[in-house]
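First up is the structure itself, then whatever we jot down about it.
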Amino acid sequence: MATNLGSLETYKSPCNDVACVPNGTVSAVKGSSPSLLNTPDATLGRHLARRLVQVGVTDVFSVPGDFNLTLLDHLIAEPELNVVGCCNELNAGYAADGYARCRGVGACVVTFTVGGLSVLNAIAGAYSENLPLICIVGGPNTNDYGTNRILHHTIGLPDFSQELRCFQTVTCYQAVVNNLEDAHEMIDGAISTALKESKPVYISISCNLASIPHPTFIRDPVPFSLSPRTSNSIGLEAAVEAAADFLNKAVKPVLVGGPKLRVAKASDAFVELADASVLLVGDISYYDRYEFQMQYGSIGWSVGATLGYAQAVPEKRVIACIGDGSFQVTAQDVSTMLRCGQKTILFLINNGGYTIEVEIHDGPYNVIKNWNYTGLVDAIHNGDGKCWTTKVTCEEELIEAIGTATGEKKDCFCFIEVIAHKDDTSKELLEWGSRVCSANSRPPNPQ
């Protein structure tokens with residue numbers, strides 16, 4: 001884990017105008033052409049935008065706040081970058097999570113402290129799931145550091161490091177950019193570390209820096225590149241031999257693929273291995289393929305992640321099955337889905353509560369207030385965009401709804417509420433719930 005703080009002494013703004021170039025900034029780098037610095041492309045904000053596009057981020061999920069507004073202006077100005085406004089910071093983080101699962105990297109932009117602490121849960125989930133997620137925070141004005149001023153959106157202390165300390169435990173790199181001289185290096189360091197470590201990173205950018213030009217932010221900087229990872233050929237050969245020997249002896253092989261496959265970009269290779277294993281054993285009835293996607297398991301994650309994933313693959317139609325409890329946490333993401341013109345088919349499983357928790361430990365706290373879900377989505381739609389909703393109570397109605405969603409309403413966001421009994425669950429979930437209950441209720445070890 002690396003934390004990088006900008007040096008305050010290298011940059012002191014002589015005026016309150018965020019577009020003002022401080023004395024000495026241009027002359028600090030000899031040989032740079034003044035004409036280059038007059039272009040709007042040479043600002044910190046535009047440099048960050050270009051770097052995001054270069055690594056594959058063409059959509060960034062944001063919530064505006066006064067510390068990031070100027071930065072958002074410069075991100076929006078990048079023609080190849082789309083800024084997607086979200087209803088709150090947690091949703092933006094979940095959306096960036098889903099986006100990263102598809103594109104290999106995602107990004108969100110929030111404001112200082114109130115935004116940063118709000119998105120923190122989503123960043124922790126991305127850390128758990130080994131997702132390279134770039135969390136960008138609009139920070140305080142450079143002139144406020146070290147002044148003992150108490151700013152709004154803080155906890156009422158002059159110490160601005162609380163947000164940074166919180167992020168240090170759930171990110172692999174932290175960069176606090178409060179001067180221009182090393183901003184280029186710090187931003188590149190954060191992005192490259194996120195990609196190499198496949199973990200989230202934190203970038204804080206002072207609110208009065210985003211619009212200021214600098215010689216290091218010229219239009220054609222050094223191309224962003226990463227050194228390829230090298231494999232230990234001897235270790236790889238030994239692992240392949242051991243795996244092949246194990247599979248050759250197996251009668252009923254079951255291959256379990258976890259989230260590390262995505263980190264290693266080995267999902268396709270895993271499928272090829274699984275298919276080859278079926279041929280070796282000769283009986284596909286004994287073979288299953290699994291990919292465990294969720295380790296963190298934060299309630300409400302699924303709606304935001306669906307938004308992000310669908311935004312990452314506009315050429316495809318995403319299908320999501322989401323429980324009523326999770327939907328109630330982040331239902332407002334439907335508004336963003338509609339605004340983005342997404343054509344997702346969302347199945348809302350209405351079984352009256354947290355069934356997965358009922359199977360672990362039942363109680364009245366697992367029952368939730370029933371909503372008129374289709375009515376809610378219709379109200380959010382409000383005639384803006386293409387949206388179709390329906391409610392089904394039996395198999396025949398479900399089949400008809402699926403036919404409509406994939407036929408007549410194929411160009412719409414389709415919301416299908418499925419009414420299910422609270423005890424309608426799988427044998428596997430019952431067994432899993434029993435095991436979790438047993439694990440959670442183990443008595444303390446004797447001292």
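The values are calculated or read from the model by the stated rules, or taken from the named source; none is laboratory data. These figures come from a predicted structure and were not determined experimentally. We place every Cβ from the backbone using ideal geometry, glycine too, and count neighbours over all the protein chains shown. Only protein heavy atoms, including side chains, enter the accessible area calculation; ligands, DNA and RNA are left aside. Shrake-Rupley method; radii C 1.70, N 1.55, O 1.52, S 1.80 Å.
Looking only at segment 119-150, filter to residues that are touching a residue at least 40 places away in the same chain (Cβ under 8 Å) and among the polar types (S, T, N, Q); which one of those is farthest from Gly45 (Cα to Cα)? Checking each candidate, the answer is Ser128.
For residues that are assigned to a loop (DSSP other than H, G, I, E, B) and open to solvent by 30 Å² or more (accessible area, probe 1.4 Å), scanning just segment 168-189, find the one that is farthest from Asp73 (Cα to Cα). So that I can check it myself, show each step before the final result.
Here is the first cut: in segment 168-189, the residues assigned to a loop (DSSP other than H, G, I, E, B) are 169-172, 178-182.
After this cut, where a residue has to be open to solvent by 30 Å² or more (accessible area, probe 1.4 Å) as well, the list is 169, 181-182.
Values: Thr169: 30, Glu181: 22, Asp182: 22 Å.
Among them, the one singled out is Thr169.
Applying the set (1) modelled with pLDDT under 95; (2) out of contact with any Phe, Trp or Tyr (no Cβ under 7 Å at 6 or more places or on another chain) to Pro132 leaves exactly one unmet item: (1). Among the residues of segment 203-230, those that are modelled with pLDDT of 80 or more, part of a loop (DSSP other than H, G, I, E, B) and not aliphatic (A, V, I, L, M) comprise Cys207, Asn208, Ser211, His214.
Examine segment 155-164 for a residue that is on the phi > 0 side of the Ramachandran plot and in contact with a Leu (Cβ under 9 Å, 6 or more places away or on another chain), and state whether such a residue exists.
From segment 155-164, those on the phi > 0 side of the Ramachandran plot are 156; that's our starting set.
So of that shortlist, the ones also in contact with a Leu (Cβ under 9 Å, 6 or more places away or on another chain) come out as none.
No: segment 155-164 contains no residue that is on the phi > 0 side of the Ramachandran plot and in contact with a Leu (Cβ under 9 Å, 6 or more places away or on another chain).
Find the residue count for segment 306-326, including only residues that are of a type in the set (Asp, Glu) and open to solvent by less than 20 Å² (accessible area, probe 1.4 Å). Even if it seems obvious, please write down each step before you answer.
We begin by selecting, within segment 306-326, every residue of a type in the set (Asp, Glu); these are 315, 324.
Then keep just the ones that are open to solvent by less than 20 Å² (accessible area, probe 1.4 Å); that gives 324.
Count: 1.
Would you say Thr142 is surrounded by 18 or more Cβ atoms within 10 Å (Cβ to Cβ), at pLDDT below 95, in contact with a strand residue (DSSP E or B) (Cβ under 7 Å, 6 or more places away or on another chain) and among the hydroxyl-bearing types (Ser, Thr, Tyr)? So Thr142 fits the description; yes. Confirm whether Ser192 is part of a helix (DSSP H, G or I), of a type in the set (Ser, Thr, Tyr) and at pLDDT below 95. Answer is yes for this residue. Which members of segment 138-191 meet the condition of being more than 21 Å from Gly106 (Cβ to Cβ) and among the acidic types (Asp, Glu)? The answer is Asp144, Asp159, Glu181, Asp182, Glu185.
I need the full set of residues from segment 152-167 which are part of a helix (DSSP H, G or I) and open to solvent by 30 Å² or more (accessible area, probe 1.4 Å), in order please.
Keep residues of segment 152-167 that are part of a helix (DSSP H, G or I), which gives 162-167.
Listed by number, the residues that qualify are Gln162, Arg165, Cys166.
Of everything in segment 239-268 that's under 22 Å from Cys102 (Cβ atoms) and open to solvent by 100 Å² or more (accessible area, probe 1.4 Å), which residue is farthest from the chain's Cα centre (by Cα)? My answer is Asp268.
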